[in-house]
Amino acid sequence: MKIQLSIAKFLQYHIFCLVLMLVGGGVYAQAYKTATVSSHNENIGKVQRTGLKISVAFSEKRVKDAWENYLKKFGKVSSSKGVFEMEVAKIPSISAQPIRIVSKVSEESNSSAYVFCAFDLGTGYITSADSHYGAAEKFMKDFVLKVYRDEYGEQIAAAEKVLNTNIRNQEKLVEKDNDWNKEIQNNQQDIVDLEKKIQEKKAKIVELNQQIETNKTTKLKAAEETDRARKQVEQMKAKLGEIN
C-alpha cells in the first residue's frame, strides 16, 4: 500500500513539473511579448537624461542585480544606489563605436520595477527619432527576456531538484520492497528447512525408541549371562576353598 501511494505521489509531482514548465513558459513568453519599451526622461545626478524605459515584473532588488549582470557583458560597470554607468560599453548591435550608458533601476511596486537607460553615442542620446532606436529597444527587451528566462530556469531547477529527490525516495522504496520480498523468500526457505529437520528429528525419535525396545531384550540376555558368570565364579571359589 505504501509503495502504491508513493508511486501515485511521484506521478502527481511529475505531472505538476510538466504543467509548471508549460504554464510558466507560456506566462513568460507572453510577458516578453507584452513588454513595452518607451521613450523616457529621467533625472540622474541632477541631470535630465533622455533614453528608454521598460518595466519588469520583479522586485527592485532582483531587477538591479539582473541589470548589473546584464551590463557587465558589454564592459565595466560602476554602480551606486540603483544608478549604473558605463563609460565604455561595446554593444555592436547598437553601434560599431563604444557607447556611454547612464541607467537607473527604480521601484514601481513591491513586485515590479522599471529600468531607464540613456545611450550616449557621443553625438547625443538615442531617441525614438534616432536610427539606432530599434536596436536600443531590442537591447532593453532582450534584458527582460533574460530575466524571465533566468527566473523560469530557476523554477525548473527547483522543480527538478524536488523531482530528483522524489525519484531517489521512490527508488529507495522499491529497494525496500525488494529487500522485504527477499526476506520473505528466505524465511519461507527457513520454514521448509525447519520442517525438514522436524521430520528428521521425529524419525530419529522413532528409531531411538525402536532401539530402546530392542535393547530391552539385549539387556535381559546380558543380565542372564552376567548371572551365569557370577555363579561360575562363586562355584570356582568354593572349589578352591575345598582344596585347602
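On the basis of being touching a strand residue (DSSP E or B) at 6+ places or on another chain (Cβ under 9 Å), assigned to a helix (DSSP H, G or I) and among the small types (G, A, S), does A118 make the cut? So A118 does not fit the description; no.
Residue-by-condition table, conditions (1) part of a helix (DSSP H, G or I); (2) touching a Phe, Trp or Tyr at 6+ places or on another chain (Cβ under 7 Å); (3) surrounded by 10 or more Cβ atoms within 10 Å (Cβ to Cβ):
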position	(1), (2), (3)
K146	yes, yes, yes
G153	yes, no, yes
K176	yes, no, yes
D190	yes, no, yes
N209	yes, no, yes
V233	yes, no, yes
G241	yes, no, no
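All conditions but one from (1) at pLDDT 95 or above; (2) surrounded by fewer than 17 Cβ atoms within 10 Å (Cβ to Cβ) apply to Y70; the one that does not is (2).
Filtering region 55-85 to residues that are among the hydrophobic types (A, V, I, L, M, F, W, C) and within 18 Å of A135 (Cα to Cα) leaves W67, L71, F74.
Determine which member of the set L121, L173, L163, L145 is within 27 Å of T36 (Cβ to Cβ) and either aromatic (F, W, Y) or within 39 Å of the chain's Cα centre (by Cα) (or both). Of L121, L173, L163, L145, the one residue that is within 27 Å of T36 (Cβ to Cβ) and either aromatic (F, W, Y) or within 39 Å of the chain's Cα centre (by Cα) (or both) is L145. Would you mind finding the one in I101, I54, I91 that is part of a loop (DSSP other than H, G, I, E, B), at pLDDT 95 or above, among the aliphatic types (A, V, I, L, M) and at negative phi? After applying the criteria, what remains is I91. Taken together, V174, V115, V162 contain a single residue that is of a type outside the set (F, W, Y) and under 30 Å from E42 (Cα atoms), which is V115. Only a single item in (1) of a type in the set (V, I, T); (2) closer than 20 Å to V56 by Cβ; (3) surrounded by fewer than 22 Cβ atoms within 10 Å (Cβ to Cβ) is not met by V115, and it is number (3). Scanning region 122-134 for residues that are of a type outside the set (V, I, T) and either surrounded by fewer than 17 Cβ atoms within 10 Å (Cβ to Cβ) or in a loop (DSSP other than H, G, I, E, B) (or both) returns G122, G124, S128, A129, D130, S131, H132, G134.
The values are calculated or read from the model by the stated rules, or taken from the named source; none is laboratory data. Keep in mind the model is a prediction, meaning the values are calculated, not measured. Positions of Cβ are backbone-derived with ideal geometry, glycine not excepted, and every protein chain shown enters the neighbour counts.
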